[in-house]
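Chemist: Mind looking over this structure? Questions follow.
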Amino acid sequence: MDVTVRAATKEDVPALVALFTSQNEFEGRWFENPFAGGKEAKAEALTPAQRWLHGGPGMDPQLLQLHHDRIYDAHGVVLVAERGGAVTGTAELWPSEEPLPLGAYLAVVTLASPRAAARDVEPALLAAAARESRGRDLRALDIAPAHAGGDVARILAEGFTVLVEHRTVHLEAARKPDPPEYTVVSTAPSYTELREFVALDHTEPPGFRIGNLANEWSAGLLADVSKPFGALLRIDFATLGITGRVATWLPEREAELDLWVPAAALGNLPWLRRGVAAAIDHIGKRHRVARFRTTVRAHQVPALQPIGFEDGDDPDPWLRKHLTRAAGRNL
């Protein structure tokens with residue numbers, strides 16, 4: 001039976017929640033806090049924030065509807081795949097425009113389907129996403145499978161190629177490096193201020209990711225889950241942008257740190273190392289955490305190792321499919 005794809009409606013939320021909860025990251029079990037040894041509970045007895053901890057906004061109908069509203073407010077779209085009248089998958093699409101070489105593109109920020117149906121459903125959703133992108137006169141469709149979902153090999157077979165390779169590294173707080181001299185320019189940079197910077201963590205579109213870190217879209221339902229922070233720091237000749245959050249749900253709190261670098265300083269690895277040391281110092285003075293975690297381009301990992309960062313072995317590609325021009329807009 002063929003897979004058909006259409007735009008989602010509010011009536012699809014219950015079926016989509018059922019799809020997402022069937023992929024609960026804890027083998028279908030629910031806990032008050034699955035990261036801190038919280039006791040097991042029934043899903044319906046948990047708060048939206050507690051359900052979110054099991055796999056994101058799709059775990060809760062109220063959060064999922066707010067999440068969809070946020071996507072449409074950003075001029076994105078949510079697609080659903082159907083087979084025989086039943087929902088068998090979804091793709092969430094977010095438009096973004098950044099400094100070159102990334103430029104303008106449509107990103108698949110979520111790609112989900114039951115494992116047994118993924119071989120047929122994922123290509124159908126990606127084909128519909130490509131049509132949506134062409135209909136907007138965008139020449140690129142992007143996805144980071146480690147975060148959005150989807151099988152990397154299957155996505156590469158659909159004509160995607162690796163655009164950026166990322167690695168995630170961490171630093172134990174007890175090993176914080178000595179910082180250079182720096183000046184705090186701002187402690188609340190907006191996305192507008194950061195748009196001309198290059199986001200080193202490009203595992204999600206930057207505008208989408210900032211929203212995820214701050215959780216402002218959640219109408220207060222996730223206010224106690226994470227504590228966002230931000231800053232602009234002047235180090236030597238250039239300004240470094242910082243956004244992130246403290247993961248308060250972890251037994252040992254972590255600071256998840258995103259770095260924003262001026263394009264002119266992107267290749268200056270000694271400056272990046274000094275900038276990261278300044279960022280760690282700034283955050284550590286304001287938040288008590290056990291470790292710091294950040295995602296950078298793969299070639300930048302060696303620059304951070306001398307100041308104590310570890311790991312960085314797991315592949316995390318950002319994939320792009322280059323599209324030819326096509327008239328019309330048709331899902």
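The values are calculated or read from the model by the stated rules, or taken from the named source; none is laboratory data. The shown structure was predicted, so the numbers you read here are calculated from the model rather than taken from an experiment. All Cβ positions, even for glycine, are placed from backbone atoms using ideal geometry, and neighbour counts span all protein chains on display. Please note that ligands, DNA and RNA were not included when accessible areas were found on the heavy atoms of the full protein model with its side chains. Shrake-Rupley method; radii C 1.70, N 1.55, O 1.52, S 1.80 Å.
Chemist: Being part of a strand (DSSP E or B) and either among the small types (Gly, Ala, Ser) or open to solvent by less than 60 Å² (accessible area, probe 1.4 Å) (or both) is the filter here, so list the residues in segment 139-164 that pass it.
Modeler: Residues satisfying the conditions are 140, 141, 142, 143, 164.
Chemist: Still on this structure: Select from segment 222-235 the residues that are open to solvent by 80 Å² or more (accessible area, probe 1.4 Å) and either among the aliphatic types (A, V, I, L, M) or modelled with pLDDT under 95 (or both) and list them in ascending order.
Modeler: Within segment 222-235, 224, 227 meet the criteria.
Chemist: Among (1) surrounded by 15 or more Cβ atoms within 10 Å (Cβ to Cβ); (2) at positive phi, where does residue 58 come up short?
Modeler: All conditions are met except number (2).
Chemist: If we keep just the residues of segment 276-297 that are open to solvent by 10 Å² or more (accessible area, probe 1.4 Å) and not in a helix (DSSP H, G or I), which is farthest from residue 242 (Cα to Cα)?
Modeler: Ranking the qualifying residues of segment 276-297, first place goes to 290.
Chemist: Need pairs with beta-carbon distance below 7 Å; first residue modelled with pLDDT under 95 and within segment 62-83, second outside any helix (DSSP H, G or I); sequence gap 6+ or separate chains.
Modeler: Pairs that qualify, where the first residue is modelled with pLDDT under 95 and the partner is outside any helix (DSSP H, G or I), are 83/1; 83/3.
Chemist: Working only within segment 1-50, note down all residues that are assigned to a helix (DSSP H, G or I), in contact (Cβ under 8 Å) with a residue 60 or more places away in the chain, open to solvent by less than 40 Å² (accessible area, probe 1.4 Å) and not aromatic (Phe, Trp, Tyr).
Modeler: 12, 16, 19, 48, 49
Chemist: Just give me the residues in segment 76-105 being part of a loop (DSSP other than H, G, I, E, B), over 12 Å from residue 142 (Cβ atoms) and of a type in the set (A, V, I, L, M), in sequence order.
Modeler: Listed by number, the list holds a single entry, 100.
Chemist: Here is a follow-up. Just to be sure I understand the filter: pairs with C-beta atoms under 8 Å, separated by 6 or more residues or on different chains, first member in segment 192-204 and free of Cβ contacts under 8 Å to residues at least 60 places away in the same chain, second member buried (at least 22 other Cβ atoms within 10 Å of the Cβ). Which pairs pass?
Modeler: 193/241
Chemist: Right, something else. With the structure loaded, tell me whether residue 207 is outside any helix (DSSP H, G or I) and small (Gly, Ala, Ser) or whether it fails that test.
Modeler: no
Chemist: Sticking with this structure for a sec: What are the residues in segment 22-52 that are under 19 Å from the mean Cα position of the chain (by Cα) and at pLDDT below 95, if any?
Modeler: Those that are under 19 Å from the mean Cα position of the chain (by Cα) and at pLDDT below 95: 23, 24, 25.
Chemist: Which one of these is surrounded by 16 or more Cβ atoms within 10 Å (Cβ to Cβ), of a type in the set (Lys, Arg), at pLDDT 95 or above and within 18 Å of the chain's Cα centre (by Cα): 167, 134?
Modeler: 167
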